[in-house]
Structure formats: structure tokens, C-alpha cells
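Below: one structure, written as C-alpha cells.
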Amino acid sequence: MFYPFIATLILTLTGTALAAGLNDTGITDCYNDSAVVTTGVEADSGTHPRQDCRYGRDAAARAGNLTKVGGGSKGFDFTKIANNGSVLPASATLGSAPTDWACTKDNVTGLIWEVKTTSGLRSQSHTYTWYNSNAATNGGGAGTASGGTCATTGRCDTEKFVADVNAAGLCGATDWRMPTTNELMSIVDYGIAYPGPTIDTTWFPNTPASYFWSASASSGYSNGAWSVYFYYGYAYGYGKGGYGVQVRLVRAGQ
């Protein structure tokens with residue numbers, strides 16, 4: 001169930017990470033009153049001033065003035081990480097071998113993200129209910145234990161999924177966690193039109209254009225938590241017992 005705390009927190013939510021830097025929005029089009037502006041400086045004129053397309057990492061990349069560590073569209077900068085934690089070339093492919101691709105590092109924020117697969121523990125088709133047994137961080141409600149649909153019966157909630165990924169030592173690490181809302185929104189590409197997915201699928205394949213849980217519980221509704229909808233890329237409040245919600249884990253980079 002949705003509740004009416006939709007995308008108004010996009011600019012006000014606070015995150016615990018992103019200290020290394022902030023990604024741009026992915027919006028590279030400028031507009032006049034009715035259409036995309038493809039030439040000239042109309043978008044910076046007195047009638048259409050200071051549009052997002054003219055500033056930041058995206059604009060620098062478009063002008064050929066942005067140096068990247070890895071690759072990625074527009075102002076985004078990603079590097080592939082192997083199952084054993086080693087750095088891979090952009091040509092690496094997903095797989096289960098130690099040197100196959102399994103995670104993606106965001107070189108701007110410093111965060112390392114789980115990459116979804118088509119089967120197994122991290123399958124794109126698995127869903128989870130929001131569950132956090134820690135009363136200090138669950139916003140007054142633990143949520144629903146194992147109410148989703150996943151590969152292992154009784155393990156289909158966010159807390160157990162975190163535990164299972166850490167037990168597997170994904171990409172050589174055991175400190176995987178749920179992302180905050182701001183962290184999850186940092187990989188949204190708002191320049192991609194709905195129905196999305198609003199993310200660079202070259203670096204984040206197998207991403208359905210659906211809801212992904214964050215770790216952020218609602219401050220005003222004990223049975224709710226925040227998700228990011230990759231159909232549009234907006235933050236949405238969602239009931240902790242809601243079904244059909246995906247998860248993408250994150251950890252801090254070195």
C-alpha cells in the first residue's frame with residue numbers, strides 16, 4: 001500500500017553517505033515553452049534561464065570536459081567489480097566465477113552496489129518485505145518478516161537478504177547493507193523517460209522498472225518505509241508489508 005508521502009523528500013532527505021561526491025541528474029535536454037532546445041543559448045536566456053542541462057557533471061561530459069575513472073553515460077562514472085573484489089575492465093561480463101562481474105562501484109559517491117542477476121540469490125525477480133528487528137532504527141515498527149517471494153522459503157525480507165548476501169561474501173565483502181533513500185536515488189538517471197528503468201542498464205543490468213526498498217523508515221508512519229520507483233525514479237512511501245518490492249544492497253567503497 002502506498003501512503004501520501006511521495007517525492008517531496010527528494011530534496012530534503014538526508015543520507016549517511018555520498019560524502020565523496022554527488023552525482024548529477026542525468027538530464028541533458030534543455031527546453032523552451034514547447035520543445036527541446038537543440039542549438040543556441042535560448043535555454044540560458046532571460047525567458048528560460050539556468051536549466052539543469054547547462055550545469056554540472058552531465059554538461060561537462062556532453063562538452064567533452066569530464067575525466068572519468070571508469071565509464072558510464074553522461075556525468076555518471078562506474079567501474080565493474082568482480083566476485084573476489086578485484087577491479088575489472090568495462091568489457092567484463094556477469095557470472096559466478098571469482099573474476100566475473102558482480103558489483104558496480106560508483107566512482108563519484110564512492111559507493112559499491114550489488115548487481116542483480118537473472119537467477120540465484122540476487123535474482124531480479126525476487127521480492128522482499130521491509131523488515132528490521134532493530135528498534136533503534138526501524139522507525140517504531142519492525143515490518144513484516146519474510147513476506148516476499150524469493151529463492152529460499154522464510155528468507156524473503158530485507159534483513160535476511162542482507163544477512164544472506166554478507167554470508168556469501170559478495171565481491172569479497174561482508175558489510176553489505178540496505179541503502180538510504182538518498183543513496184538509492186543517487187544512481188537514478190532522470191534523463192531516461194518512463195517507463196524506465198531510470199538507471200544506466202549497461203552498469204546495472206537486470207533492473208526492473210519497479211520499486212526498490214531503502215533502509216529509511218518513515219518518520220511519521222511506523223508501518224511505512226521509503227522506496228525508489230525506477231519507473232520514474234521518484235521516492236515513494238510504501239507499507240512495510242507491501243509485496244512486490246525489490247532490493248539492491250550497497251556498501252561503502254575503499
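The values are calculated or read from the model by the stated rules, or taken from the named source; none is laboratory data. Note that the structure is a prediction, hence the values are computed from the model and not measured. Don't worry about glycine lacking a Cβ; one is built from the backbone with ideal geometry, like all the others, and counts go over all protein chains shown.
Number of residues in region 107-165 that are among the small types (G, A, S), surrounded by fewer than 21 Cβ atoms within 10 Å (Cβ to Cβ) and in contact with a Cys (Cβ under 8 Å, 6 or more places away or on another chain): the value is 3. One residue stands out among those in region 208-231 that are touching a helix residue (DSSP H, G or I) at 6+ places or on another chain (Cβ under 8 Å) and of a type in the set (F, W, Y): the one that is surrounded by the fewest Cβ atoms within 10 Å (Cβ to Cβ), which is F212. All conditions but one from (1) touching a residue at least 12 places away in the same chain (Cβ under 8 Å); (2) farther than 23 Å from A90 by Cβ apply to Q124; the one that does not is (2). Please work out which residue is nearest to the chain's Cα centre (by Cα), limiting yourself to region 169-190 and to residues that are farther than 19 Å from F212 by Cα and part of a loop (DSSP other than H, G, I, E, B). Looking at residues that are farther than 19 Å from F212 by Cα and part of a loop (DSSP other than H, G, I, E, B), I get D175.
Within region 73-97, take every residue that is in contact with a helix residue (DSSP H, G or I) (Cβ under 9 Å, 6 or more places away or on another chain) and not in a loop (DSSP other than H, G, I, E, B) and give me the one that is surrounded by the most Cβ atoms within 10 Å (Cβ to Cβ).
Here the residue is I81.
The residues of region 152-201 that are touching a residue at least 60 places away in the same chain (Cβ under 8 Å), more than 18 Å from S227 (Cβ to Cβ) and of a type in the set (D, E, K, R), listed by number, are D175, D200.
Does region 193-208 contain any residue that is in a strand (DSSP E or B) and more than 12 Å from the chain's Cα centre (by Cα)? I'd like the intermediate steps shown before the answer.
As a first pass, look at region 193-208 and keep what is in a strand (DSSP E or B): none.
So far as region 193-208 goes, no, none of its residues is in a strand (DSSP E or B) and more than 12 Å from the chain's Cα centre (by Cα).
Is it the case, given these coordinates, that G196 is within 23 Å of K80 (Cα to Cα) and modelled with pLDDT under 95? Show your work before the answer.
Values: within 23 Å of K80 (Cα to Cα): yes; modelled with pLDDT under 95: yes.
So G196 fits the description; yes.
Scanning region 38-55 for residues that are surrounded by 10 or more Cβ atoms within 10 Å (Cβ to Cβ), at pLDDT 80 or above and within 30 Å of the chain's Cα centre (by Cα) yields a total of 5.
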